[in-house]
Each structure stands twice: as structure tokens, then as C-alpha cells.
1. Look through ALA305, ALA251, ALA329 and report the one residue that is small (Gly, Ala, Ser) and either within 16 Å of the ligand (Cβ to nearest atom) or closer than 18 Å to GLU400 by Cα (or both).
2. So if I check each of ALA422, ALA437, ALA452, which one is on the phi > 0 side of the Ramachandran plot and either without any contact (Cβ under 8 Å) to a residue 60 or more places away in the chain or not in a loop (DSSP other than H, G, I, E, B) (or both)?
3. Condition first: away from the ligand (no atom under 11 Å from the Cβ), out of contact with any strand residue (DSSP E or B) (no Cβ under 8 Å at 6 or more places or on another chain) and in the same structural domain as ILE337 (by TED's automatic domain parsing). Can you find one or more residues in region 180-192 that meet it?
4. Considering only residues of region 193-233 that are of a type outside the set (A, V, I, L, M, F, W, C) and within 10 Å of the ligand (Cβ to nearest atom), which is nearest to the chain's Cα centre (by Cα)?
5. From the set of residues in region 34-61 that are surrounded by fewer than 23 Cβ atoms within 10 Å (Cβ to Cβ) and acidic (Asp, Glu), which is farthest from the ligand (Cβ to nearest atom)?
6. Do any strands (runs of 3 or more DSSP E) entirely within region 173-282 hold 2 or more residues that are touching a residue at least 60 places away in the same chain (Cβ under 8 Å), within 30 Å of LYS28 (Cα to Cα) and not basic (Lys, Arg), and if so, which?
7. Any idea which residue in region 323-358 is nearest to THR389 (Cα to Cα), counting only those that are among the β-branched types (Val, Ile, Thr) and surrounded by fewer than 22 Cβ atoms within 10 Å (Cβ to Cβ)?
Amino acid sequence: MTAKKILIVGGGTAGWMTALIMARAWLKQGFEIRLIESPEVGIIGVGEGSTPALKQFFDKLGIAESEWMPECNATYKSGIRFDHWSTKPNCETYFHPFASSLDPHTLPLFMRNAHARVRGLDVYAHPDRFFLTAKLAEKNLAPKAHYNFPFEALYGYHFDAVLLGQFLKKKAIAMGVGFSQGHVQDVLLDEVGDITAVVTKDGEHLAADFFVDCTGFRSLLLRDKLKTPFKSFRNNLFNDAAVAMPTEIGAEIPSCTISTALKNGWAWKIPLTNRYGNGYVYSSDFCSADDAEFELRERLGLLDADIPVRHLKMVVGQVTQHWNRNCLAVGLSQGFIEPLEATALFLVQQTAAIFTELYERGNFTAQERDTFNARITGYFEGTRDYIVTHYKTSTRNDTEYWRANIKDQTDVSDTMKILYEAWMSGKDMQQEVTRLAIENYYAAPSWVCLLAGMGIFPSEKRLRKATEADITFSLGQLDDFLTRSALNFDDHRQYLEQKL
Ligand SMILES: Cc1cc2nc3c(=O)[nH]c(=O)nc-3n(C[C@H](O)[C@H](O)[C@H](O)COP(=O)(O)OP(=O)(O)OC[C@H]3O[C@@H](n4cnc5c(N)ncnc54)[C@H](O)[C@@H]3O)c2cc1C
């Protein structure tokens, strides 16, 4: 393959992650990779939670946790706790766990009971007692097993988004990515409509063979210049704004994110080593920025406190082509799904990694571009469906916002309808998820945790009493098994302070 000149426009997390993924693949092949960022436009600076995929990103680059985590005030994440999304008895809270290699011993029990319950049998089917990572989070333990425990837990991270950006920048520059500052104010096209160069305010022309748009919600190249259409998700995801503020971290450092449903959206609580990141994601159709800030402050007991508060707007949806002509959009410029499952960096990683693999294989054809776009669109839609299901299955009706969420979501995808109907009719969810080919987005256990955790079962009155033959295991023994397994993990704070 001949050497190529790649220009990445935008130095937020998306820009630097893409730079590192491309640098690892291509610098040794003689590619030139350069990133330009505006000195006038800052980065979004929020986004403090990840999925387990972020570990693979660092592992592939050979960057140890002991190197990046302390620099970014990072902590471990075993999953997400959802509070007050459901009003059903015993479902006011549930945990969406990350997987562990102990799951083969406990997951089948959960799946069996959840399916039996939806088919009308009165057996215990709340997810929280079935997963090792839920137990680790409950006890504020780091998801890092002692060396002699033969099982491991998958985990994500919490981190300071600004510090992570700085860390990635340092690494990319050290690897050989070129960097300059300049505010792009024009994008030049050739006669067929491909991008030839960007022009900065200072009049500098930066030419390249291929451009990566990482300019955040502005999407200067892909949407603004190439006029790539955008498909909004507002029909199903009403939230379009957020307010964020830090609070002090206590003696314990939890190893999970907490997401609490509020009057007009939900609040995140993310533990870092030096503070909590808090934020309220809400819909401006139902609530003003001032009201959202008041509700969040009140909840945090900070009504009169003088603390830094940030208000943000969000554009929810995705472009119809993530790669159009000689331009790829990565990050907020390609789309965004509200941060309920902290999936944005996962989508950045997937987009950059899949694109890089394709490029490696050479022979760029329109067909390959279409296949790539369909694949990334699938990731966005699969993630959206999972997130929309949180709202669709909520039983809150205390405000106009929640009533609208239940009533006005008319545009749900066929996949979501099929999956929901499959659940309600007691079909095997593993088979359905496999049949619909959506396990790359969310696997069957995640769907079942969500539906069972929200209490989407026949009414208690219609349940048949379980007989002795229906009860295939002892809950007490399961609790004991997970409690004993959790003894092989350290206190989260202690681990962060002593082992990193
Ligand atoms: C409320 C909220 C919560 C979130 N929570 C999470 C989370 O928990 N987990 C998660 O994974 N993600 C989360 N995200 C998303 C996450 O913040 C972003 O995906 C991530 O930070 C990447 O942003 P970005 O790099 O695409 O854009 P930005 O950070 O906005 O960076 C844009 C870059 O483009 C540059 N730029 C802009 N205009 C120009 C120009 N004219 N010339 C040159 N350069 C220019 C800027 O200088 C900047 O460097 C959240 C987002 C929001 C809004």
C-alpha cells in the first residue's frame, strides 16, 4: 500500500484515540498522521465512564493501568446501578453487571429463573443476586482478582475526561503523530467533491489524502462541508441537555456508576479517586436549565455551594454515512447516544478500529464503504435500542416527562419490538438475540438483566406457585458462593492506592 497522508481535525478524546489506533497500525508503514485542534474551541470535557472495551484499547497499545490510571484519577467500574427507574415492588434498583468468567456457574440459574418467571412461575428472578460483578460493586471491591483465584471479572473504568485527553495526546505525539494548533475555517473540495485541504484562520493550508472529522458536535467536515445527512434519535430519546458538577469523594470508592432516574431525566454519579463526577441528563422540552441545576443541587445537598457547574447541549442521533468520500467522522461528529450506558468511547474505538482494519486490506471500493457504514450504523442502532428500552420499560409516571416517555415513543425499531414481544411471550432470549444478530451490541444476559431488573413480568397475581421440582437451586447457597468468591478481591480504594 502506498504511504498516505491522514489529517485528523479535532483533539478531543475521539481525535486522540483515533490518532493512536491509526498510528499503531500505520506509522511503521510510512503513513503520515497529523492532528490539528482549534486553540479557540475547547473539548467537551465530560464523559467519565467506559465499557470494558477501553481495556482492550490500552492493552493493544501496551499502556499499563499503572501508567494511565493514576494520571487520569481513574477508578474501576464493575457495571451500572440503576435506581428508581422502575416503581415496581423490589425493582426500585437493579445492577447491569459486566461479565465475569464465574458467570457460567451462575448465569444459567438467572436465565432459567427469568424465563420461568416471565412464563408465569413464581420464582426469584431479580438479577442482582446472580453476578459476581454485582457483588463486587455492592461491597466496593476492585474487580481485580487475587492471583490465585482462577476467575476474572471484566471491567470498565471511570476517569477524568480532560486528563484522559491530555494523556492520550502525550502518548500519540510520542508515537510520532504530528500535532499543531489552528482554527479550521474552510474546507476545500476538488471537482468531484473530495476534500483536498483544510484552511486555518492563519491562512495555513493543510492538504491530505484522507481526513478524519473529530470536531465534536460541529462536525465541520462530514456534516457541514460534505452535507452528510443526520438521522436524529429524538423521537425515542428525549434528552438533549445536561448539567454537571463535582462533589467530594468519601472514604469508600464505589466500583460502579450509579444512574438515578429523576423528574425529567436521570443523574449520573461517577467515582474518581479525587472526586465524584455528577450530572443530570434531561430534556429541555420538559425542564429549563435552571430547574435542572436546582434539582441536581438539591439532590446533592449543594443548593448554596459555590462549585463549578457546566451546562451542555447534546445532539442525539447519527450521520447516515460515517465514512463519506475521503472523510471519516469519529466521535460526537458522527453521532451521539445519550450517556446512559457510557458507550460513546466504545463507538469511537469501534469506528476507528474497524476502519483501520478495512484500510489495511486495501482496495477501497464503494462497496466496502457501504459495508463499513452499515456496520457502524448497526452499532449505533443496537446501542440506541438498548438505551431506549430503559425508558420504554420504566413504570414512572410522576411527571409529564415520564408519561411522554411511555406514551410518545412510537418510532421504536423492529428489532426492539421483536425482542420485547419475544420476552413477553416467554421465548428464549439467547436464541432471539442470536437470531437477530445483535449480540455484538448487547448480549442476551444484558437484555434479560434489564427486563428482569425493571420487573417486566406478568403481574404477581397471575403467577403460579413454584413446586419443589421448579426450584433447582438454593438462593442462600448462591449468595454464599458469590460472597465467598468476592473474598478474592481487594477493597477498591486500597487497590487503587496500593497496587497502581
Ligand atoms: C453529558 C455527556 C456525558 C457523557 N458521558 C460519557 C460517558 O460517560 N462515557 C463516554 O464514553 N462518553 C460520554 N460522553 C461522550 C464523550 O464526552 C465524547 O464522546 C468524547 O469526549 C469525544 O468527544 P469528541 O472528541 O468527539 O469531541 P470534543 O471533545 O468536542 O472535541 C472536539 C475537538 O474539535 C476541535 N475543533 C472544533 N472546531 C474546530 C475547528 N474549527 N478547527 C479545529 N479544531 C476544531 C476542538 O478544538 C476539539 O479539540 C458524554 C457526553 C456528554 C455530552
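1. Values: ALA305 fails: either within 16 Å of the ligand (Cβ to nearest atom) or closer than 18 Å to GLU400 by Cα (or both); ALA251 fails: either within 16 Å of the ligand (Cβ to nearest atom) or closer than 18 Å to GLU400 by Cα (or both).
Unique residue meeting the criteria: ALA329.
2. Numbers: ALA422 fails: on the phi > 0 side of the Ramachandran plot; ALA452 fails: on the phi > 0 side of the Ramachandran plot.
None of the other options fit; the residue is ALA437.
3. Start the filter on region 180-192 by keeping residues that are away from the ligand (no atom under 11 Å from the Cβ), which leaves 188-192.
This time we only want the ones that are out of contact with any strand residue (DSSP E or B) (no Cβ under 8 Å at 6 or more places or on another chain), so: 191-192.
Those still in the list that are in the same structural domain as ILE337 (by TED's automatic domain parsing) too: 191-192.
Yes, that holds for at least one residue.
4. If we filter region 193-233 for residues that are of a type outside the set (A, V, I, L, M, F, W, C), which is where we start, we get 193-194, 196, 200-205, 209, 213, 215-216, 218-219, 223-225, 227-229, 231-232.
From what is left, the residues that are within 10 Å of the ligand (Cβ to nearest atom) are 200-201, 213, 215-216, 218-219, 224.
On the way: THR200: 33, LYS201: 35, ASP213: 20, THR215: 19, GLY216: 16, ARG218: 21, SER219: 20, ASP224: 26 Å.
Checked region 193-233; the qualifying residue nearest to the chain's Cα centre (by Cα) is GLY216.
5. If we take residues in region 34-61 being surrounded by fewer than 23 Cβ atoms within 10 Å (Cβ to Cβ) and acidic (Asp, Glu), then ASP59 is farthest from the ligand (Cβ to nearest atom).
6. It comes to 178-181, 195-200, 205-207, 210-213.
7. Here is the first cut: in region 323-358, the ones among the β-branched types (Val, Ile, Thr) are 330, 337, 343, 348, 351, 354, 356.
If we keep only those that are surrounded by fewer than 22 Cβ atoms within 10 Å (Cβ to Cβ) too, we end up with 354, 356.
Values: ILE354: 27, THR356: 32 Å.
Per the criteria, the residue is ILE354.
Results for (1) surrounded by 15 or more Cβ atoms within 10 Å (Cβ to Cβ); (2) under 14 Å from TYR124 (Cα atoms); (3) free of Cβ contacts under 8 Å to residues at least 60 places away in the same chain, shown as yes or no for each residue.
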| site | (1), (2), (3) |
| --- | --- |
| TRP447 | yes, no, no |
| LYS461 | no, no, yes |
| GLU468 | no, yes, yes |
| LEU487 | no, no, yes |
| ARG493 | yes, no, no |
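The values are calculated or read from the model by the stated rules, or taken from the named source; none is laboratory data. Computed from a predicted structure; not experimentally measured. Cβ: placed from backbone, ideal geometry, glycine included. Neighbour counts: every protein chain shown.
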